[in-house]
Structure formats: C-alpha cells, structure tokens
Amino acid sequence: MNFLSILVFASMLFGCASHGGGEQRTLAELASDNQSHLTKISLGMSKSQVFAIMGNSTVNTHDGVVNNPWSTESFVGKDGGQYEILFYIIRKNQPFTPVRKSLATEIVLKDGKVNGWGESASQQYKLP
C-alpha cells in the first residue's frame with residue numbers, strides 16, 4: 001500500500017468511528033434547523049414531503065441521540081379522521097435536563113397530508 005492509500009483508509013476508519021453512523025450536531029443546531037425548515041411547510045403536503053424538508057433521521061447530539069422527528073403520535077380524531085402528529089425539536093434544552101415535548105412543535109397530518117402545525121392544531125383534533 002502506498003502512503004495515499006493508507007491515509008484514505010485511516011480517514012475513512014476514523015470518520016466511521018467518530019460519528020457512529022449518524023450525524024454529529026448540537027441540539028441547538030438541530031432546533032435552529034427545524035425552526036427554519038418549518039417555514040417551508042404548507043397545508044396539504046404529504047408525509048414524504050414533510051420528511052424531505054424537516055428530515056426523518058437520527059442525530060447524534062452532545063445531549064445524546066435524538067430522533068428527528070423526536071416523537072410521533074397517531075389517533076382517530078373527533079371527526080373520524082386518521083391523524084398523525086410529528087414532533088420536531090425547535091428549542092434547545094437547559095443543561096442537565098432531558099429533551100421533552102415542550103421543546104418541540106407539532107406537524108399534524110390528517111390521512112397522510114399536512115392539516116396544520118403547532119400545539120393549537122393538534123389540540124383541535126384530539127379527543128378530550
């Protein structure tokens with residue numbers, strides 16, 4: 001092996017070991033990106049379009065592994081529609097505190113299409 005081959009191999013090995021197969025970012029960076037991506041969401045978009053804009057991956061942060069979307073919920077709404085809520089982190093957590101739902105905003109899908117976003121959108125359809 002020549003020196004260049006060894007260098008390339010070592011770089012690939014180090015890169016895989018340091019990232020563990022996921023993207024390394026801070027929770028604040030993820031939250032900032034999600035906030036800016038929210039402006040590109042519009043009513044009627046499909047779930048795959050939302051994932052293309054917002055992401056649907058796992059991110060390695062200094063606070064641990066965070067899924068993007070962070071959490072999901074599914075339910076049948078008051079109107080009989082099939083709903084799914086995608087929670088995306090939009091605020092960073094305080095030091096030494098866990099990531100929680102209050103740091104996220106919701107994107108509400110009805111029958112696979114964006115029907116609204118934000119807490120008021122999800123509360124409008126949930127059962128009491």
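What follows is calculated from the coordinates using simple rules that are stated; it is not laboratory data. Please read these numbers as outputs of a predicted model, since none were measured by experiment. Counting neighbours? That spans all protein chains shown, and the Cβs are built from the backbone with ideal geometry, glycine included.
Here are the numbers for the structure shown:
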| read-out | value |
| --- | --- |
| Efficiency of FRET from Cβ geometry, Asn60 and Gln124, R₀ 30 Å, rounded to 0.05 | 0.30 |
| The stretch 89-115 residues near the modelled Gln82 label - backbone nitrogen below 20 Å, point 7 Å along Cα→Cβ | 107-115 |
| Dipole magnitude of the stretch 23-125 about its Cα centre (Cβ charges: Lys, Arg +1; Asp, Glu -1), debye to nearest 20 | 100 debye |
| Pairwise label distance in nanometres, Ser74 with Ile41, each label 7 Å out on the Cα-Cβ vector | 1.9 nm |
